[in-house]
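Taking it in order: structure first as structure tokens, then the write-up.
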Amino acid sequence: MQVVPRLAIEPMRYDDIGTVQQIEREIFISPWPRNAYASELSQNRQASYIVLRNNGVIVGYAGIWRMVHEAHVTTIGVRASDQHRGYGTTLFAALVQRAYDMGARWITLEVRASNLQAMRLYERFLFTVIGRRRGYYTDNGEDAVIMWSDSVQSPAFKRRYQDILSGIEVSGLGQGPPQEYLGA
């Protein structure tokens, strides 16, 4: 008998795109088109897209790109009915792990200025606001808040990340931050 873990992080597959788009339509004003995900999965070697499954059902997804020494969060979302259960934290922790795996030194992202819940999540991971992109979101002209991590190699970031990981039980997350310092 095969035991399937309750919560599992897995690479996003082409067959997952329909479910991911369904979740996006629930939670975002302007979801990505299907061909954007298909292109990311098939052509972007600097990208990592994941899904979070609960008992085999996709409850969330996320993506990150590597650009030289920086990892950039492209998207993250949790099904509306599954929010406030720690799934966003789990997905974001998985993105941080992907950034380590990619050899990134920093992580960046943009978030809607009105999305205070997401900003609090990122601040838990020691991200700080470094700027604002006026009118960034074309669907309603909302500003984007630009957030950056401290160096993911810094002892403080690694400690915080390890503390967050200690409260997450999910398969496929990864091994945590590397112990050695990889330079700044």
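The values are calculated or read from the model by the stated rules, or taken from the named source; none is laboratory data. Please read all numbers here as calculations on a predicted model, not as lab measurements. Cβ atoms come from the backbone with ideal geometry, glycine included; neighbour counts cover every protein chain shown.
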Checklist outcome for this item: When every residue in segment 11-41 that is within 24 Å of residue 107 (Cβ to Cβ) and among the small types (Gly, Ala, Ser) is compared, the one modelled with the lowest pLDDT is 30
Checklist entry - Which pairs do you get when a residue that is in a helix (DSSP H, G or I), found in segment 79-108, comes within reach of a residue that is surrounded by fewer than 21 Cβ atoms within 10 Å (Cβ to Cβ) and acidic (Asp, Glu), reach meaning Cβ atoms under 8 angstrom, with the pair 6+ apart or on two chains? => result 80/26
Checklist entry - Only one residue in 142, 169 is touching a residue at least 24 places away in the same chain (Cβ under 8 Å), assigned to a loop (DSSP other than H, G, I, E, B) and over 19 Å from the mean Cα position of the chain (by Cα), so which one is that? => result 142
Next on the checklist: Give me the residue from segment 66-84 that is surrounded by 19 or more Cβ atoms within 10 Å (Cβ to Cβ) and of a type in the set (A, V, I, L, M, F, W, C) and, out of that set, farthest from residue 146 (Cα to Cα).
Outcome noted: 78
Checklist outcome for this item: Note: among 61, 87, just one is closer than 19 Å to residue 122 by Cα, surrounded by 23 or more Cβ atoms within 10 Å (Cβ to Cβ), at pLDDT 95 or above and not polar (S, T, N, Q), namely 61
Checklist outcome for this item: The one condition residue 42 fails out of (1) polar (S, T, N, Q); (2) part of a helix (DSSP H, G or I); (3) under 18 Å from residue 176 (Cα atoms) is (3)
Checklist outcome for this item: Filtering segment 30-45 down to residues that are touching a residue at least 40 places away in the same chain (Cβ under 8 Å) and either within 15 Å of the chain's Cα centre (by Cα) or surrounded by fewer than 12 Cβ atoms within 10 Å (Cβ to Cβ) (or both) yields 30
Checklist outcome for this item: Taking segment 127-174 and keeping residues surrounded by fewer than 10 Cβ atoms within 10 Å (Cβ to Cβ) and of a type in the set (S, T, N, Q) leaves 138, 166
